[in-house]
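> Okay, here's the structure, questions in a sec.
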Amino acid sequence: MTTPAPVTPQDLGEALAALRDGAPLVQCLTNIVVAGWTANVLLAVGAAPAMVDNPHEAGEFAAIAEGLLVNLGTPYDDTAAAMSLALTGAARARTPWVLDPVAVGALEWRTSLAHQLCDESRPTIIRGNASEILALTGGSGGRGVESLDSPEAAAQGAMALADRHQSVVAVSGPTDHITDGSRMVRISNGHPWLTRVTGGGCALGALMAAFAAVVPDAVVAASAATATLTVPADSAAARSAGPGSFSVALLDELALIQPADLAERVRLS
Amino acid sequence: MTTPAPVTPQDLGEALAALRDGAPLVQCLTNIVVAGWTANVLLAVGAAPAMVDNPHEAGEFAAIAEGLLVNLGTPYDDTAAAMSLALTGAARARTPWVLDPVAVGALEWRTSLAHQLCDESRPTIIRGNASEILALTGGSGGRGVESLDSPEAAAQGAMALADRHQSVVAVSGPTDHITDGSRMVRISNGHPWLTRVTGGGCALGALMAAFAAVVPDAVVAASAATATLTVPADSAAARSAGPGSFSVALLDELALIQPADLAERVRLS
Amino acid sequence: MTTPAPVTPQDLGEALAALRDGAPLVQCLTNIVVAGWTANVLLAVGAAPAMVDNPHEAGEFAAIAEGLLVNLGTPYDDTAAAMSLALTGAARARTPWVLDPVAVGALEWRTSLAHQLCDESRPTIIRGNASEILALTGGSGGRGVESLDSPEAAAQGAMALADRHQSVVAVSGPTDHITDGSRMVRISNGHPWLTRVTGGGCALGALMAAFAAVVPDAVVAASAATATLTVPADSAAARSAGPGSFSVALLDELALIQPADLAERVRLS
């Protein structure tokens, strides 16, 4: 077994080029708060979103989709059942899937649901803030969707979680950490306004599902998604007066960012 | 039986003036992705949206509403039941209704649902992309919400579908086609960014329900809605840097567009 | 029993400072149309939204949350059950809660639901337009989410409703009225574009829940929320071309407004 190659800025630029070429169809089972925003982020970057989240169709569609996002922001009995069925469809068709365990640790039902989904089918990528990732490893919980734990503290938990599930784990924060249990990628782009707009993290999970559809190495996919959201966030913040104009500018910049720019401007370590 | 008059640019300007005067109350049973956007489009143009989509109230409200939209973007058992009840209320009160068969053809459950709804009550207007319209006529399906078939190819299917249901059928694309089975209106305004923002088509369906509330000829209503979305899209694109600023500018232009401008700038054939 | 002090502009400025310091966690059971917009308004102003609205978790979370919003815009059986459970959790933890009775009076099911929720637990604040407030007092109904009754006419009903429930009642309109049955605060900021963007009133209800979390006097909380939405709306309108750019600018101004500005610019009587 060879050691996987370290992730380079060029890998991230090539991943973005692959996403633009492939325009992957990404099924999103996400929450009522960010569904529209998530679709707009995916469309801006060049992917094709489809929010098919009812139990009658979620499994059928997961076999057509090229990437799948399961986000636990506002689960209901109906959509939770659809999540489980989508995983079955995705497993059969080998569709990569991303788990975004929103507020897991703070709330019991969704914490059980997250564990159940991980047991049913290995997630390709698990993406959360520090509290959510620590909660999945058995650590302390957060306060709703906010994180009370530092991403650095969560980096250790992330490696353990990656090992346990054989998944890539991504922890969001001022510096984002992405690991498969052996490699650890750190990306330090982005702007505090990303936390003043709802759905920054949720959109990142959706982008990871889009990149996982076109890039076989899930560490590269998760890293490319992180760079593709946070490098444009730097540009968007520079031309914005507040969180409203920032979120509009971010969609513009997501459409404008070029692979070579991404590789040049990402702060990777 | 006389041949209906051809649709003129002046008809579309007059329809917009009637919408501004009437401020019709439009009930929308639509999807979780675009509900907010759809409401904002209707408000910007001068209509009054109301998203009443639960089974307890949808039928009652359809008798109060002046236009009804049924959009199949994210149906659930609950809202699918509400759709059927809304049609009953609308039929009793003779409220015009628009069917937007999102992703029909690609997914089985909603395809049955679309056929069932059409059987329960004749839609005033059916609006979709080429794949969705062909699927309703028994043709090939699409890939989620995207269309794989050309609008020109769908124009033939649209005429057959219009004949079968005695409905007006509108097929969206670079050129929009609107037909009642005898007349065929083509409108060629709009901008590719309309496909980079989620809910362009969904908002168009909602606008058709608003215009059907104030204009008796449903070909004129569907054409006026198409022009009212796509002519402002031309202006919005001209002052935008990307899809984010485009969607913001589009709402502004929808509020600013005047009937005479609409008649002058629509590319109708 | 002493007469409560009248509300001053300084009280409202101090309330905003308290909100910024406290960053209260606000649980929102709201509708699918405005969930994202509401979260963005709360984030912009400095609060922490969490849309936990399923029956499994709503009660548990209401004991963690510092303020609770129950908005009847798009209720379903599932979320209506969650509302009732959230009130039980909120009552146990003494979490203040705000009722936004959207379209009550126009529709039977939600009218019963609103009365039931008020009977289960005294609302800290009830916020609606004139028609909704009059409907709760037994008056005439509205037309969907629009108000057909004048806020002045509703002011009398508001005082009666405030007395009946021992709640603060806020009536939105060109002039907003806020009363606890003895005091009556009038605020005359804001812009007609607030009615051309969906969720102006819904966001106001959410802001009231945020202010009620940090300010013990609910008349001050409701007044501070009203000023915090409408004073920035004045600035946002001044730099906007239409309702699209207005809603973006409003989020910016909500983040920028300072307590001293608020106190200086509010038109209070």
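> Just name one of A:Ile32, A:Ala86, A:Gly201: the one whose Cα is farthest towards the positive end of the charge dipole of chain A (beta-carbon charges, Lys/Arg +1, Asp/Glu -1).
Of the candidates, A:Gly201 comes out farthest on the positive side.
> Taking the dipole about the Cα centre of the range A:198-269, with the C-beta of Lys and Arg at +1 and of Asp and Glu at -1, give me whichever of A:Ala255, A:Leu229, A:Ala218 is farthest to the positive side.
Of the options given, the answer is A:Leu229.
> Which trypsin sites (Lys or Arg not before Pro) in the range B:161-269 pass both tests, a DSSP loop state and at most 13 other beta-carbon atoms within 10 Å?
Within the range B:161-269, the qualifying trypsin sites (Lys or Arg not before Pro) (loop, at most 13 other Cβ atoms within 10 Å) are B:Arg239.
> For every other residue with a beta carbon closer than 11 angstrom to the beta carbon of B:Leu250, add +1 if it is Lys or Arg and -1 if Asp or Glu, then tell me the sum.
Working: positive: B:Arg239; negative: B:Asp234, B:Asp252, B:Glu253.
With Lys, Arg at +1 and Asp, Glu at -1, the neighbours total -2.
> With a ≥ b ≥ c taken as the square roots of the eigenvalues of the C-alpha gyration tensor of the range A:9-265, please select rounded if a/c is under 1.5 and otherwise prolate if a/b is larger than b/c or oblate if it is not?
Note, shape of the range A:9-265 comes out rounded.
> Between C:Arg164 and A:Asp234, what is the label-to-label distance in nm when each label sits 7 Å out along the Cα-to-Cβ direction?
5.9 nm
> So for the protein assembly as shown, what percent of the C-alpha to C-alpha distances run longer than 33 Å?
When all Cα pairs of the protein assembly as shown are counted, 50 percent exceed 33 Å.
> Here's another thing I want to ask about it. Among the DSSP beta bridges whose two residues both lie in the protein assembly as shown, what percent are antiparallel, rounded to the nearest 5?
Roughly 30 percent of the beta bridges in the protein assembly as shown run antiparallel, per DSSP.
> Moving on to the next point. Between the range B:23-84 and the range A:210-251, what's the alpha-carbon centroid distance in Å?
33 Å
> Using a 10 angstrom cutoff on alpha carbons, build the Gaussian network for chain B and name the most mobile of B:Gly242, B:Gly89, B:Gly200.
The residue with the greatest mean-square fluctuation here is B:Gly242.
> Note the distances from C:Leu256 to each other copy's matching label point, with points 7 Å along the Cα-to-beta-carbon direction, in nm, sorted shortest first.
With the label placed 7 Å along Cα→Cβ, C:Leu256 yields 2.0, 2.0 nm.
> So what is the relative contact order of chain B, in percent, for Cα pairs below 8 Å that sit 6 or more residues apart?
Values: 590 pairs, mean separation 58.9, N = 269.
With pairs under 8 Å counted, the relative contact order is 22 percent.
> Pull up the DSSP beta bridges for chain B and report the antiparallel fraction as a percent, rounded to 5.
Within chain B, antiparallel bridges account for around 30 percent of the total.
> Follow-up question, since we're still on this one. Take the alpha carbon gyration tensor of the range C:42-96, find the square roots of its eigenvalues, order them as a ≥ b ≥ c, and report rounded if a/c is under 1.5; if not, report prolate when a/b exceeds b/c, else oblate.
oblate
> Report ³J(HN,Hα) in whole Hz for each residue of the range C:238-251, in order, from the Karplus equation J = 6.51 cos²θ - 1.76 cosθ + 1.60 where θ = phi - 60°; Gly and Pro get x.
5, 10, 10, 9, x, x, x, 5, 4, 5, 5, 5, 5, 4
> Measuring from a point 7 Å past the Cα of A:His115 along Cα-to-C-beta, which residues in the range A:161-191 have an amide N at less than 18 Å?
Answer for the range A:161-191: A:161-166.
> Note the distances from A:Ala5 to each other copy's matching label point, with points 7 Å along the Cα-to-beta-carbon direction, in nm, sorted shortest first.
Once sorted, the set of distances for A:Ala5 reads 6.9, 6.9 nm.
> Based on DSSP, what percent of beta bridges with both residues in the range A:57-207 are antiparallel, to the nearest 5?
40 percent
> I'd like the trypsin sites (Lys or Arg not before Pro) in the range C:62-124 restricted to DSSP loop residues with at most 13 other Cβ atoms within 10 Å, sorted by number.
Those satisfying the criteria are C:Arg94.
> State to the nearest 20 debye the size of the charge dipole of chain B about its Cα centre, where the only charges are +1 on K and R beta carbons and -1 on D and E beta carbons.
About 300 debye.
> Further question on the same structure: A drop of at least 20 square angstrom in accessible area, chain alone versus all protein chains together, probe 1.4 Å. Which residues of the range C:66-94 meet that?
By number: C:Thr74, C:Tyr76, C:Asp77, C:Asp78.
> Another question, if that's okay. Please find, in a Gaussian network model of chain A (springs between Cα atoms separated by less than 10 Å), the residue of A:Ile32, A:Ile126, A:Ile64 whose mean-square fluctuation is greatest.
It is A:Ile32.
> Here's something else I'd like to know. Run through the range A:161-246 and list the chymotrypsin sites (Phe, Trp or Tyr not before Pro) located in a DSSP loop whose Cβ has at most 13 other Cβ atoms within 10 Å.
none
> Looking only at the range C:251-269, which residues have a backbone nitrogen under 19 Å from a spot 7 Å from the Cα of C:Arg20 in the C-beta direction?
Inside the label zone: C:251-267.
> Then there is this: Starting at the first residue of the range C:176-186, write each ³J(HN,Hα) from the Karplus equation 6.51 cos²θ - 1.76 cosθ + 1.60 with θ = phi - 60°, in whole Hz, x for Gly and Pro.
These are the phi-based 3J(HN,Hα) values: 8, 10, 10, 9, 10, x, 10, 6, 9, 9, 10 Hz.
> How would the range C:126-269 be classified by its alpha-carbon gyration tensor: rounded, prolate or oblate, with rounded meaning a/c under 1.5 and the a/b versus b/c comparison settling the rest?
oblate
> Can you tell me the dipole magnitude for the protein assembly as shown around its Cα centre, using point charges on the Cβ only (Lys, Arg +1; Asp, Glu -1), in Debye to the nearest 20?
Taking the Cα centre of the protein assembly as shown as origin, the dipole is about 640 debye.
> Ok, one more. Which value at 222 nm does chain C reach when only helices count, each DSSP H run of 4 or more adding -39,500 (n - 2.57), with the total divided by all residues and rounded to the nearest 500 deg cm²/dmol?
About -16000 deg cm²/dmol.
> Another question, if that's okay. 7 Å along Cα→Cβ for the label point: how many nanometres lie between C:Arg92 and each equivalent label in the other copies, listed shortest first?
C:Arg92 label point versus its equivalents elsewhere: 4.1, 4.1 nm.
> Can you give the Rg to Rh ratio for the range B:87-135, taking only C-alpha atoms and Rh from Kirkwood?
Rg/Rh for the range B:87-135 comes to 1.00.
The values are calculated or read from the model by the stated rules, or taken from the named source; none is laboratory data. Small disclaimer: the values here were computed from a predicted structure and weren't measured. So basically every Cβ, Gly included, is an ideal-geometry build from the backbone, and we count neighbours across all protein chains shown. SASA here: full protein model, heavy atoms, side chains in, ligands and nucleic acids out. Shrake-Rupley method; radii C 1.70, N 1.55, O 1.52, S 1.80 Å.
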